[in-house]
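Have a look at the structure below before the remarks.
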Amino acid sequence: MRPGQTPGGRPMSVQTVWLGIRWTSEGYRRESSAGVVVPQMPEALTSLAATAIHDVSAMTEHLRFDEHGNPMTESFSPDMALVNFYDHAAKMGLHQDKDETCQAPIVSLSLGDTAVFRLGNIETKNKPWQDIELASGDLLVFGGPSRMAFHGVPMTRPGTADPALGLSGRLNITIRQTGLP
Ligand code: SIN
Ligand code: MN
């Protein structure tokens, strides 16, 4: 894992591995880069995300169709994931996921320590926002009207992970569809 970088190029406290497609501060890149290994996107993550979209689209009309009016269950085709590791001090500032060229929902899976996930509004980094506790095993889908919401992790709750996991800290797996051709 490597410390991530903000779009402005500053180091992040979260350490990240990309799967499937590389992220750079200029956007996603399929081509590899010297010294950077991008493992394939595991089928298990693709199908987990597809199942999540299937279930959620049955629950809310907001995620039933994509921006072109096609059923989300058919058009959703995630092609990359970020695996973020949070040690006890790590946090992630409020940001929008806006490098994707399509509006497919983001599927986010949490493992290990509980996180305070801040879900803000779509206009500014300021309030109003909602703080949601994401515990190990929680899966969050944000799409439709919330797709461009500012979000971040102001803190995790160290020591809350189930010791059986053998994980000190938090892993977040964020599964995305980049829209790259
Ligand atoms: C992210 O926005 O990339 C990660 C959010 C999280 O760790 O829950
Ligand atoms: Mn994000």
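Odds and ends about this structure:
- Looking only at the range 100-114, and only at residues there that are open to solvent by 50 Å² or more (accessible area, probe 1.4 Å) and more than 11 Å from ligand 1 (Cβ to nearest atom), the one that is farthest from residue 69 (Cα to Cα): 101
- Selection count where residues are part of a helix (DSSP H, G or I) and of a type outside the set (A, V, I, L, M, F, W, C), scope the range 35-51: 4
- Of the criteria (1) modelled with pLDDT under 95; (2) more than 26 Å from residue 120 (Cα to Cα); (3) open to solvent by 50 Å² or more (accessible area, probe 1.4 Å), which one residue 33 fails: (3)
- Scanning the range 93-108 for residues being touching a Ser or Thr at 6+ places or on another chain (Cβ under 8 Å) and farther than 16 Å from residue 23 by Cα gives a total of 4.
- Each residue in the range 68-78 was checked for being away from ligand 1 (no atom under 16 Å from the Cβ) and part of a loop (DSSP other than H, G, I, E, B), and 5 of them qualify.
- When we screen 117, 85 for residues that are assigned to a strand (DSSP E or B), within 22 Å of residue 19 (Cα to Cα) and within 11 Å of ligand 1 (Cβ to nearest atom), the only hit is 85.
- Residue match in the range 127-137 (condition: modelled with pLDDT of 95 or more, of a type in the set (Val, Ile, Thr) and away from ligand 1 (no atom under 11 Å from the Cβ)): no
- Of everything listed in (1) within 27 Å of residue 47 (Cβ to Cβ); (2) open to solvent by 50 Å² or more (accessible area, probe 1.4 Å), the single unmet condition for residue 167 is (2).
- Contacts under 8 angstrom Cβ, first residue in the range 8-29 being on the phi > 0 side of the Ramachandran plot and at pLDDT below 90, partner in a loop (DSSP other than H, G, I, E, B) and open to solvent by 40 Å² or more (accessible area, probe 1.4 Å), 6 or more apart: 9/25
- Whether a residue is surrounded by 13 or more Cβ atoms within 10 Å (Cβ to Cβ), away from ligand 2 (no atom under 16 Å from the Cβ) and modelled with pLDDT of 95 or more was assessed, and residue 65 passes this test.
- Leading residue by the ranking (nearest to residue 76 (Cα to Cα)) among those in the range 43-57 that are in contact with a helix residue (DSSP H, G or I) (Cβ under 9 Å, 6 or more places away or on another chain) and free of Cβ contacts under 8 Å to residues at least 24 places away in the same chain: 54
- Count of the range 130-181 residues which are within 19 Å of residue 105 (Cα to Cα) and either in contact with a Ser or Thr (Cβ under 8 Å, 6 or more places away or on another chain) or in a loop (DSSP other than H, G, I, E, B) (or both): 22
The values are calculated or read from the model by the stated rules, or taken from the named source; none is laboratory data. Since the model is a prediction, treat every value here as computed from it, not as a measurement. For neighbour counting, all protein chains shown are included, and Cβ atoms are generated from backbone atoms with ideal geometry for every residue, glycine included. Protein only, heavy atoms only, side chains kept; ligands, DNA and RNA dropped before computing areas. Shrake-Rupley method; radii C 1.70, N 1.55, O 1.52, S 1.80 Å.
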